[in-house]
Amino acid sequence: MVEPPRRLLLIFFLSTLLIAYSNANVKEIQEDMEEGDEEVKVGVQKAQGVTYDARSLIINGKRELLFSGAIHYPRSTPDMWPDLIKKAKQGGINTIETYVFWNGHEPVEGQYNFEGEFDLVKFIKLIHEHNLYAVVRIGPFVQGEWNHGGIPYWLREVPDIIFRSDNEPFKKHMKRFVTMIVDKLKQEKLFAPQGGPIILAQIENEYNTIQRAFREKGDSYVQWAGELALSLNANVPWIMCKQRDAPGPIINTCNGRHCGDTFYGPNKRNKPLLWTENWTAQYRVFGDPPSQRSAEDLAYSVARFFSKNGSMVNYYMYYGGTNFGRTSASFTTTRYYDEGPLDEFGLQREPKWGHLKDVHRALSLCKRALFWGAPTTLKLGPDQQAIVWQQPGTSACAAFLSNNNTRLAQHVNFRGQDIRLPARSISVLPDCKTVVFNTQLVTTQHNSRNFVRSEIANKNFNWEMYREVPPVGLGYKFEVPYELFNLTKDTTDYAWYTTSLLLGRRDLPMKKNVRPVLRVASLGHGIHAYVNGEYAGSAHGSKVEKSFVFQRAVSLKEGENHIALLGYLVGLPDSGAYMEKRFAGPRSITILGLNTGTLDISENGWGHQVGIDGEKKKLFTEEGSKSVQWTKPDQGGPLTWYKGYFDAPEGDNPVAIVMTGMGKGMVWINGRSIGRYWNNYLSPLKKPTQSEYHIPRAFLKPKNLIVLFEEEEGNAKDVHIVTVNRDTICSAVSEIHPPSPRLFDTKNGSLQPKVNDLKPRAELICPGKKQIVAVEFASYGDPFGACGAYFIGNCTAPESKQVVEKYCLGKPSCQIPVDSIHFSDQNDACTHLRKTLAVQVKCA
């Protein structure tokens, strides 16, 4: 083991003294009844700043349960930031986390960009304006399914560099960038000790996963990175996620789906349990089926973690957003973590948003017992247990009752009460008596997303086309095809390779039914092949296997034959050791089936061109589009540009483009790329991984230029513009559902209901300023299905729809009691059944 540097040991000793001093000066618990939540304060002589102990962070002298949501500033537009942050706060989030993207801020060495969607300072200040905390994960390697993991391409060309290792060239540039970022944030007074919102900073990212690849250079790099972070005097705690050997006072944190059960814990007893990535679903790559994670499973994981001494969870992602342009990593879709509590368009995904809000509320009601109580674990059955937090000598008590049986509900006896626990669920009792929340029983509303064809945008929408011509005899010659990453240098997805060969009559097959085959073995990611100007086809790798082999029968002729290969990339790699040594592009090119045998043309001498002509001419801009002759579109073909104009869609709902009939390529709106599309790379379910692509309202003008570059043989005639809403809202609540935690407060350490009637109710709230205009489904009985697809079961109250209409029609929100007194029990075919009320309404 590498001995820690002396400076690091000194910093660790001083930090430990500071934390010990804070604990030694605890005076009392101060209760502040603000919006029903008790603040737990620690009295110290100097309250300003952030420290920690084994229980939690201590922020300005106060302990906090931290509910954090990841929102990455460049994955949305600045005009969206206030609404995203506001909705996160309304969802019970009190902290916003973001990576810092090195290649976005320094795309060219020494040239910095903090404008537009890369305005980090503006984003952090907006967080502060909403009275939320911030966590900045500086890295500077971030992974995050972001192009090259956030590392600028130019760094690959620094002599003798080895990324993320005890390597002097890499450390030099990393130190310079991290120092610049910290200094910039300090100059703006954005760290908590300066009165700003930043309470935590992260150095490196999930380094343990590759550390062994560098042997002792990995161990010493971790120590160096820790020393670098602490030397910057940000005066907030630093974290390293998934880093068992996080040095000195740096807190090692957990990433995963169930850190309450899988985290090995802090590597020092004085460090708190923090969860930096609770994955709200799974990011998707082209070719993947849908990725889902239920609201119930998320809530279970959060309740479990906090019941076992956790004090911070960060949802990765709370809002995923859009990988605009070429910012996504290898094969990653343009849409990112659309299954988060806020979807790609910034709309609340229910019930995930509301159910997590409820678990945050339930845990906040337990705050006093969690921070000042001691835990006891009790076995209540074979798969059932209670974790009880109680403060000796006080009434502060909170209990978490869990049923880990994944199939069956169970009844348990807890302190003289018979309590029903649904399968694989946790019930939260903030006073050890009253169930205010169960992770499996959703009391909040559901919704369904709708894509509505825009009448205005699609009116008089006409396309024109321009087709690329495959080049012949390019210059920039090498004996073999040049490696694709080094050739393109992350300036484009595309590069041409050309060669020619002379064939005699005796070289060609004599039989008419035998044709030569062009074979290209490539390291990734894909190619389009042309022989004598004719399109021969395409092939590509995948996220799992980048390499592939292209094989097609081609037509060759006597005399000179021209071969042109368009190599393409779908983002740079974002993870793993030795990223600077990854390669792509053709490595072996042969022609099979000639009379003279297999001909290897890998070393035939190849011309090269970086990018395609349409990019160079900037056909996606108004001025550039005038440089070529556009024609009426034909039936479609490869390497075709499409141009059109559309009016801004009606209303203020988010906007998307549906790429029906297209293959693979990119979309520009008024010269700005909204990202790659890939509709003909189908998932195992025989559907595109992504069909709709977000057009931010900020990109739009009254009249808009749209340009598509289609690589495959797609046809743009069915492409259309839609607006997006979640105006279909639903609720499904049973007679056994607990009351919402939003109906309770704490006062003087005692749990108190806000209302007298705590019976279950179905709650519906229209988004924005809309009202309920139609009841599309209602059944009080045993309905089944999901929002957007409910069905009547074996029994239902005939008056169900009329009752719901009475409570809800014409109103922006409504509450329907789930009680048989409101529904006639005549002709009830299911008298033995505990009823459920399922409702679906439309807002407008």
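The values are calculated or read from the model by the stated rules, or taken from the named source; none is laboratory data. Here the structure is a predicted model, which means the values were calculated and not measured. Neighbour counts are summed over all protein chains in view; Cβ atoms, including those assigned to glycine, are modelled from backbone coordinates with ideal geometry. These accessible areas exclude ligands, DNA and RNA; they are computed on the full protein's heavy atoms, side chains included. Shrake-Rupley method; radii C 1.70, N 1.55, O 1.52, S 1.80 Å.
Figures for the structure shown
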| read-out | value |
| --- | --- |
| Cβ-based charge dipole, the chain, positive-most Cα from 321, 772, 211 | 211 |
| Anchor residue 379: lysines whose Cα lies under 26 Å away (excluding residues fewer than 8 positions away in-chain) | 308, 367, 433 |
| For the chain: rounded, prolate or oblate by the Cα gyration tensor [a/c cutoff 1.5] | oblate |
| Pair residue 562, residue 464: separation of 7 Å Cα→Cβ label points (nm) | 2.6 nm |
| Between helix 6-24 and the chain: long-axis angle, C-alpha atoms, 0 to 90°, nearest 10 | 30 degrees |
| Solvent-accessible surface ranking, highest first, for 165, 627 at 1.4 angstrom | 627, 165 |
| Partners for residue 703 among aspartates and glutamates (Cα-Cα distance below 13 Å; same-chain residues under 8 apart left out) | 622, 647, 650 |
| Furthest towards positive pole of dipole, 633, 585, 606, structure part region 550-637, Cβ charges | 633 |
| Linear extension gain, residue 634 paired with residue 834, 0.36 nm per residue minus alpha-carbon span | 65.9 nm |
| Accessible surface of the chain, 1.4 Å probe, proportion on carbon and sulfur as whole % | 50 percent |
| 1.4 Å probe accessible area per residue over region 706-778, in Å² | 39 Å² |
| Anchor residue 352: lysines whose Cα lies under 19 Å away (excluding residues fewer than 8 positions away in-chain) | 86, 87, 89 |
| Solvent-accessible heavy-atom area per residue, rounded to whole Å², over region 241-346 at 1.4 Å | 23 Å² |
| Residue among 550, 130, 399 farthest towards the positive dipole end of the chain, charges placed on Cβ | 399 |
| Only Lys, Arg (+1) and Asp, Glu (-1) charged, at Cβ; the chain dipole about Cα centre in debye | 700 debye |
| Accessible-area order (highest first, 1.4 angstrom probe) of the listed residues 453, 156, 257 | 453, 257, 156 |
| Estimated 222 nm signal from helices in the chain, with DSSP H stretches of n ≥ 4 weighted -39500 (n - 2.57), rounded to 500 | -4500 deg cm²/dmol |
| Relative contact order %, region 287-414, counting alpha carbon pairs below 8 Å whose residues are six or more apart | 18 percent |
| Integer Hz, Karplus 6.51/-1.76/1.60 couplings in order for region 465-480, x for Gly and Pro | 9, 8, 10, 5, 10, x, x, 10, x, 5, x, 6, 8, 9, 5, 10 |
| Whether region 364-452 is rounded, prolate or oblate, judged on the alpha carbon gyration tensor where a/c under 1.5 counts as rounded | oblate |
| Potential extension, residue 581-residue 54 segment - 0.36 nm per residue separation minus Cα distance | 185.6 nm |
| Shape call, region 594-735: gyration tensor on alpha carbons, a/c limit 1.5 | oblate |
| Separation between Cα centres of region 793-844 and region 47-117, rounded to whole Å | 43 Å |
| Per residue solvent-accessible surface (Å²) - region 583-702, probe of 1.4 Å | 42 Å² |
| Euclidean distance of C-alpha centroids, region 599-648 and region 692-720, integer Å | 16 Å |
| Relative contact order of the chain, pairs being alpha-carbon contacts under 8 Å that are 6 or more residues apart, as % | 11 percent |
| Residue 485 accessible area, 1.4 Å probe, all protein chains in place, Å² to nearest 10 | 10 Å² |
